[in-house]
Amino acid sequence: MTITRISFAALAASAIMAISAQAETLRLSHNVGDTTTWQQGAEKFGELLSEKTEGAYDVRVFPNAQLSGGDQMKQAEMVGRGALDLVVTSAINVTPLVPEMAVFSLPYMYENYAQVDATTQGDAVKPLEAILDEKGIKVLAWGENGFRELTNNKQAVKSPDDMKGLNVRVAGPMYIDVMNALGANPQQMQWSETLTALQQGVVDGQENPIGAVIIPQQVYEMQKYITTWHYSYDPLFLGISKAKWEGLDADTQAKFQEAATEAMAFQRQISREGTDKGVAFLKEQGMEVHEPSPEELAAFREATKPAFDTWAEKVGPDLVKSFQDAVASAQ
């Protein structure tokens, strides 16, 4: 009996090893560090996919855009041509490939999460998903980078006049126009280079979401001031190479979709929870937090309107209107 039990255990172990050896490894790239909600969402997707496919797939996560040489803008293009399997990236980082993706981040498009969800979890994103599909990327689910807040080391920013002359790191072309409209000096820079630039004073500040980036990347250790102006929103999406997707049978596609939907719902939740607690935490860390009044926000909105109008034309008036209609429906 003992020998039989030992033999059974050995066979079971061999079977597990065989299944593990047969698992297909998928490479998933994302923009930022391994302490962020981006990483947690990506890891959750890998866990769920492994469970749902009984170990048939192993998702290996690569932070800091390692697989694209640190170029966060290049990741989506690599997925589109099949050089990468999966990507978690933010909309603004895909604008060089799909300019229409800037619609999410138009200055002061949103005021709250209900308005955000009315677009990212509704029909408004369908045209964007169709464009990405044409570029070889199948969007599986939408997550959250969040409302982008301004940090800097020079002074409290309470009005557009306070922005004049600030050297601010930005992620993409639209933000260059926004910062120029405010009188700042925008510096487009990869995130992998930004923390060093902040430490060395190459730039005075940066703008990013609290829960997804500022806290987990410890930006508060390098910056004194933060203005929670909610001036721009940035979603994430989890995308898969269309070639990889079309090589899956319908049952496996359904399991990928389920895992992605659940993982990005989890990622949105923890990002928002981190943001909710974030302001108090940043104050504890010694940051001076300015939460603008409605009048101050109106001044920032007015100052950035030229950039809104310029990019609304580039994005396409019909797409912008569909987003504005969705936002209005959530009022």
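The values are calculated or read from the model by the stated rules, or taken from the named source; none is laboratory data. Predicted model only: the values in this text are computed from it and were never measured. Using ideal geometry, Cβ is built from the backbone for each residue, glycine included, and neighbour counts are taken over all protein chains shown. All accessible areas refer to the heavy atoms of the entire protein, side chains included, with ligands and DNA or RNA removed. Shrake-Rupley method; radii C 1.70, N 1.55, O 1.52, S 1.80 Å.
Does the range 25-48 include one or more residues that are outside any loop (DSSP other than H, G, I, E, B), touching a residue at least 12 places away in the same chain (Cβ under 8 Å), open to solvent by 10 Å² or more (accessible area, probe 1.4 Å) and among the β-branched types (Val, Ile, Thr)? Yes, the range 25-48 contains a residue that is outside any loop (DSSP other than H, G, I, E, B), touching a residue at least 12 places away in the same chain (Cβ under 8 Å), open to solvent by 10 Å² or more (accessible area, probe 1.4 Å) and among the β-branched types (Val, Ile, Thr). Whenever a residue of the range 295-315 is open to solvent by less than 80 Å² (accessible area, probe 1.4 Å), its partners that are of a type in the set (S, T, N, Q), lying with C-beta atoms within less than 6 angstrom and at least six residues away or across chains, give the pairs Ala299/Ser159. Scan (1) in contact with a strand residue (DSSP E or B) (Cβ under 7 Å, 6 or more places away or on another chain); (2) open to solvent by 40 Å² or more (accessible area, probe 1.4 Å); (3) in a helix (DSSP H, G or I) for the single condition Ala254 breaks and write down its number. Result: Ala254 passes all but (1).
Only a single criterion out of (1) under 25 Å from Val289 (Cβ atoms); (2) open to solvent by less than 10 Å² (accessible area, probe 1.4 Å); (3) polar (S, T, N, Q) is not satisfied by Ser241, namely (1). Exactly one residue out of Gly247, Gly183, Gly205 is on the phi > 0 side of the Ramachandran plot and small (Gly, Ala, Ser), and it is Gly183.
Scanning the range 129-141 for residues that are free of Cβ contacts under 8 Å to residues at least 60 places away in the same chain and either farther than 22 Å from Ala326 by Cβ or crowded, with 24+ Cβ neighbours inside 10 Å (or both) gives Glu134, Lys135.
Let's see how each residue does on (1) surrounded by 24 or more Cβ atoms within 10 Å (Cβ to Cβ); (2) touching a His at 6+ places or on another chain (Cβ under 6 Å); (3) at pLDDT below 95; (4) outside any helix (DSSP H, G or I):
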| residue | (1), (2), (3), (4) |
| --- | --- |
| Gly143 | yes, no, no, yes |
| Gly146 | yes, no, yes, yes |
| Leu150 | yes, no, no, yes |
| Lys154 | no, no, no, yes |
| Val157 | yes, no, no, yes |
| Asp161 | no, no, no, no |
| Arg169 | yes, no, no, yes |
| Tyr175 | yes, no, yes, no |
| Val178 | yes, no, no, no |
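Being more than 17 Å from Pro216 (Cβ to Cβ), in contact (Cβ under 8 Å) with a residue 40 or more places away in the chain and either assigned to a strand (DSSP E or B) or in contact with a helix residue (DSSP H, G or I) (Cβ under 8 Å, 6 or more places away or on another chain) (or both) is the filter here; which residues of the range 57-79 pass it? Correct list: Leu67, Gly70, Met73, Gln75, Ala76, Met78.
A count restricted to the range 82-97 and to residues that are touching a strand residue (DSSP E or B) at 6+ places or on another chain (Cβ under 9 Å) and surrounded by fewer than 24 Cβ atoms within 10 Å (Cβ to Cβ) stands at 4.
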